[in-house]
Amino acid sequence: MGKSLTRKILEKHLAVGEYVVGQEIGIKIDQTLTQDATGTMAYLQFEAMGLSKVKTELSVSYVDHNTIQVGFENADDHRYLQTVAAKYGIVYSKAGNGICHQVHLERFGKPGKTLLGSDSHTPTGGGIGMIAIGAGGLDVAVAMGGGEFYITCPKVYKINLTGSLQPWVSAKDVVLKMLELFTVKGNVGVIMEYAGPGVKTLSVPERATITNMGAEMGVTTSVFPSDGETRKFLKAQGRESDWVELKADRDAEYDKVIDLDLSTIEPLAAAPHSPGNIVRVADMKNMKVDQVLLGSCTNSSYKDIATVAKIMKGKKASPDVSFGVAPGSRQVLQMAARDGYLADLIDSGARVLESACGFCIGNHQSPKTNAVSLRTSNRNFEGRSGTKDAQVYLVSPEVAAIAAMTGKFTDPRKAGIEYPKVRMPTKFLIDDSMFIFPKDAAKNIEIYRGPNIGTPPTNDRMPDHIRGSVGIKVGDKITTDHIMPAGARLKYRSNVPKYSEFVFEPVDPAFPKRAMDAKKAGKHTVIVAGESYGQGSSREHAALCPMYLGVKAIIAKSVERIHAANLVNFGIISLAFKNMADYDKIEQGDEIEIPDIKKKLQSGEPVILVNRTKNIKIELGYSLSQRQKDILYEGGLLSYTVK
Ligand code: MIC
Ligand code: SF4
């Protein structure tokens, strides 16, 4: 039997373990990326490791999340990141240079390489044939120090693409279709590998839209082959020498094969409040729209911006719609300006926003109360836009443009407009002047530390027994945006005691005080959750801040991949109900005890939770490698690494 492309790349990078599906493997990481909101903590942790330089082929530090700069905190963080980058041999991408994933694809992504990023949308790099994985900042710090990155050796699903997309249907609709087929849960430990004759009909940025939002399925990553299209893209970026051909063997073995005929896909949208809540645009029945936002790492390539500009040319946005456009990178912005697309968008009434995450992370452009907001981004979790009752729909740039014009959800195929064909540029505008490349003689650089930068808190070693109470009980699909809100709170990322005041703010703002009071009284806190706990982002603060508040265990029906790894990294054990009905037998405030937790882990026995309030016992399971157990005993990955 031949090999999948995934297997070929992973085997080439295999450093620990054997390629056996379901087993833990350690892979060598060639490139890393960080963004500022997770980066400050990642670099503080890297500093704590005491190394003199990064050991990767390439590490890039992007500034794209916190660029609002209300107050001194963001700018202080940027300066910290710039000085750390200079000192340790990291490329620094200044604020204004664009969104990490878009910029990395343009300037650094290389087929066949591994990329680890402290952002869940790092799989964008799969569009250019990389195995690109999102992780917590601490894992990225370890990889920068030359350490392996651990994953479960994945199941690989082949998505066999045939046909080609119809006019008004685009790559966003392909990934929305995938989300309809696979949903946002149940795909942990899977890599989606695209193949088949339909692949060549998609350009690299279109492939990247698909792998980017593949993150919402909870997979490890998604990957496309590296073919003639990839070569064209790299050539147009002045990097043809980075190209290598990569594809699966003809007789490659897969865990599942799914056929997807691109020509059957129609315009789709993800309805509130989940990227997996897929509806047909044709069924939206002229719903009135208040806001339209084009941008984010999913859909802000040159083609996306040019397509929308062509649709809007000579027309105006509806008076009732607030229409914003955020080009994904400075390259896209410069080219849109040069080619007249920016002028067309401005003429149409677009608000031109910074090339940054901006609205996507909810730190500006919050829509009005009860608004219907159409966005080309990848997440529409409740409240993420900054307006709790906003109804956010995730759509393609084409659907967004038509809605901006008509003020209504409109099937673009029925809008009576000719579909604008945008050709991929044969030469992109290359201007790397907003990168700061490290110089060799950088040892004497003094690292700038503003008052917002704290030291990363560490944890105690694992206690022999967990004794305390259930600090909070939550339901299914709790995202990291619920656990650790971003938006207006984002500026506290470098200040863990302050940021911890907002743990579970959208769910129960009283939680942090409750947990802190318990900690002061010498009691542990546990969190009880339903299915798919910790969906969404890679933000390790969703583990780090609960750790700071004294949380010792998460007891859930299931936990998503990146969050599960972050919990281990910060010394919080995640335990699973063996019998799902037991979820109903435990309430917030219940006094609990988990005796001999350490001994049980050491011997591999199931763990028993004693609910003292209800006077019952509940059996809990866990799925941890020996390495993960050892990290937990030490109280987290930082202590484990520097010990
Ligand atoms: C997101 O899209 O949720 C973010 C903001 O990019 C996060 C990272 C973060 O919280 O800093 C992610 O996707 O990992
Ligand atoms: Fe930025 Fe949004 Fe992409 Fe996250 S999903 S990296 S916030 S643009």
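The values are calculated or read from the model by the stated rules, or taken from the named source; none is laboratory data. Model, not experiment: these values are computed from the prediction. With ideal geometry, Cβ positions are generated from the backbone for all residues, glycine too; neighbour counts draw on all protein chains shown. Protein only, heavy atoms only, side chains kept; ligands, DNA and RNA dropped before computing areas. Shrake-Rupley method; radii C 1.70, N 1.55, O 1.52, S 1.80 Å.
Note on the range 523-551: residues that are in contact with a strand residue (DSSP E or B) (Cβ under 9 Å, 6 or more places away or on another chain) and open to solvent by 20 Å² or more (accessible area, probe 1.4 Å) amount to 4. Do you know which of the residues in the range 204-237 that are part of a loop (DSSP other than H, G, I, E, B) and over 25 Å from Tyr533 (Cα atoms) is farthest from ligand 2 (Cβ to nearest atom)? Per the criteria, the residue is Asp227.
Taking the criterion of being hydrophobic (A, V, I, L, M, F, W, C), within 30 Å of Ile483 (Cα to Cα) and either part of a loop (DSSP other than H, G, I, E, B) or more than 15 Å from ligand 1 (Cβ to nearest atom) (or both), the residues of the range 331-362 that qualify are Leu353, Ala356, Cys357. Looking only at the range 90-146, residues that are within 13 Å of ligand 2 (Cβ to nearest atom) and β-branched (Val, Ile, Thr) come to 4 in all.
Restricting to the range 535-564, name every residue that is among the small types (Gly, Ala, Ser) and more than 16 Å from ligand 2 (Cβ to nearest atom). Scanning the range 535-564 gives Ala543, Gly550, Ala553, Ala556, Ser558, Ala564. Pairing each residue of the range 331-343 that is more than 15 Å from Glu354 (Cα to Cα) and surrounded by fewer than 24 Cβ atoms within 10 Å (Cβ to Cβ) with any residue that is among the β-branched types (Val, Ile, Thr) and modelled with pLDDT under 95, provided the two are 6+ apart or on different chains, yields no C-beta distance under 9 Å. Per the conditions (1) without any contact (Cβ under 8 Å) to a residue 12 or more places away in the chain; (2) hydroxyl-bearing (Ser, Thr, Tyr); (3) under 28 Å from Ile555 (Cα atoms), the sole criterion not satisfied by Ser494 is (1).
Residue-by-condition table, conditions (1) at pLDDT below 95; (2) surrounded by fewer than 24 Cβ atoms within 10 Å (Cβ to Cβ); (3) among the small types (Gly, Ala, Ser); (4) under 22 Å from Gln535 (Cβ atoms):
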residue: Ala553; (1), (2), (3), (4): no, no, yes, yes
residue: Phe577; (1), (2), (3), (4): no, yes, no, yes
residue: Met580; (1), (2), (3), (4): no, yes, no, yes
residue: Pro595; (1), (2), (3), (4): no, yes, no, no
residue: Leu601; (1), (2), (3), (4): no, yes, no, no
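Could you list, in sequence order, the residues of the range 363-374 that are open to solvent by less than 10 Å² (accessible area, probe 1.4 Å) and either touching a Pro at 6+ places or on another chain (Cβ under 7 Å) or within 16 Å of ligand 1 (Cβ to nearest atom) (or both)? Selection gives Ser373 alone. Scanning the range 367-383 for residues that are touching a residue at least 40 places away in the same chain (Cβ under 8 Å), more than 8 Å from ligand 2 (Cβ to nearest atom) and among the hydroxyl-bearing types (Ser, Thr, Tyr) gives Ser373, Thr376. The set of residues in the range 369-395 being under 14 Å from Thr298 (Cβ atoms) and of a type in the set (A, V, I, L, M) consists of Leu374, Val392, Leu394, Val395. Is there any pair linking a residue in the range 309-326 that is within 11 Å of Ile346 (Cα to Cα) to one that is surrounded by fewer than 19 Cβ atoms within 10 Å (Cβ to Cβ) and of a type in the set (Gly, Ala, Ser), with Cβ under 7 Å and at least six apart or on different chains, and which? From the range 309-326, the pairs are Lys316/Gly349; Ala317/Gly349; Phe323/Gly349.
The sole residue among Asp77, Asp30, Asp64, Asp36 that is touching a Cys at 6+ places or on another chain (Cβ under 6 Å) and in contact (Cβ under 8 Å) with a residue 40 or more places away in the chain is Asp64.
Any residue in the range 319-330 that is within 16 Å of ligand 1 (Cβ to nearest atom), outside any strand (DSSP E or B), open to solvent by 10 Å² or more (accessible area, probe 1.4 Å) and under 27 Å from Asp119 (Cα atoms)?
The first filter runs over the range 319-330 and keeps only residues within 16 Å of ligand 1 (Cβ to nearest atom), leaving 326, 328-329.
Then drop every residue that is not outside any strand (DSSP E or B), which leaves 326, 328.
Imposing the further condition that a residue be open to solvent by 10 Å² or more (accessible area, probe 1.4 Å) reduces the set to none.
No, every residue in the range 319-330 fails to be within 16 Å of ligand 1 (Cβ to nearest atom), outside any strand (DSSP E or B), open to solvent by 10 Å² or more (accessible area, probe 1.4 Å) and under 27 Å from Asp119 (Cα atoms).
Look at (1) within 16 Å of ligand 2 (Cβ to nearest atom); (2) β-branched (Val, Ile, Thr); (3) crowded, with 24+ Cβ neighbours inside 10 Å and you find that Ile68 fails only one, number (3). Here the condition is being crowded, with 19+ Cβ neighbours inside 10 Å and modelled with pLDDT under 95; of Val169, Val188, Val199, it holds for Val188 alone.
For the range 490-510, give me the residue count where each residue is assigned to a loop (DSSP other than H, G, I, E, B) and under 21 Å from the mean Cα position of the chain (by Cα).
Matching residues across the range 490-510 total 6.
Got at least one residue in the range 468-489 being out of contact with any strand residue (DSSP E or B) (no Cβ under 8 Å at 6 or more places or on another chain), within 25 Å of Thr641 (Cα to Cα) and in a loop (DSSP other than H, G, I, E, B)? No: the range 468-489 contains no residue that is out of contact with any strand residue (DSSP E or B) (no Cβ under 8 Å at 6 or more places or on another chain), within 25 Å of Thr641 (Cα to Cα) and in a loop (DSSP other than H, G, I, E, B). The set of residues from the range 433-466 being surrounded by fewer than 19 Cβ atoms within 10 Å (Cβ to Cβ), at pLDDT 95 or above and within 30 Å of Gln535 (Cβ to Cβ) comprises Arg461, Pro463. Taking the conditions exactly as written (modelled with pLDDT of 95 or more, buried (at least 17 other Cβ atoms within 10 Å of the Cβ) and either over 30 Å from Pro485 (Cα atoms) or among the basic types (Lys, Arg) (or both)), does Thr410 satisfy them or not? When the stated conditions are applied, Thr410 passes them. Just one of the numbered conditions (1) open to solvent by 40 Å² or more (accessible area, probe 1.4 Å); (2) within 16 Å of ligand 2 (Cβ to nearest atom); (3) aliphatic (A, V, I, L, M) is not true of Val244: (2).
Every residue in the range 22-63 that is touching a strand residue (DSSP E or B) at 6+ places or on another chain (Cβ under 9 Å) and among the acidic types (Asp, Glu), please. Glu24, Asp30, Asp36, Glu57 - these are the residues of the range 22-63 that are touching a strand residue (DSSP E or B) at 6+ places or on another chain (Cβ under 9 Å) and among the acidic types (Asp, Glu).
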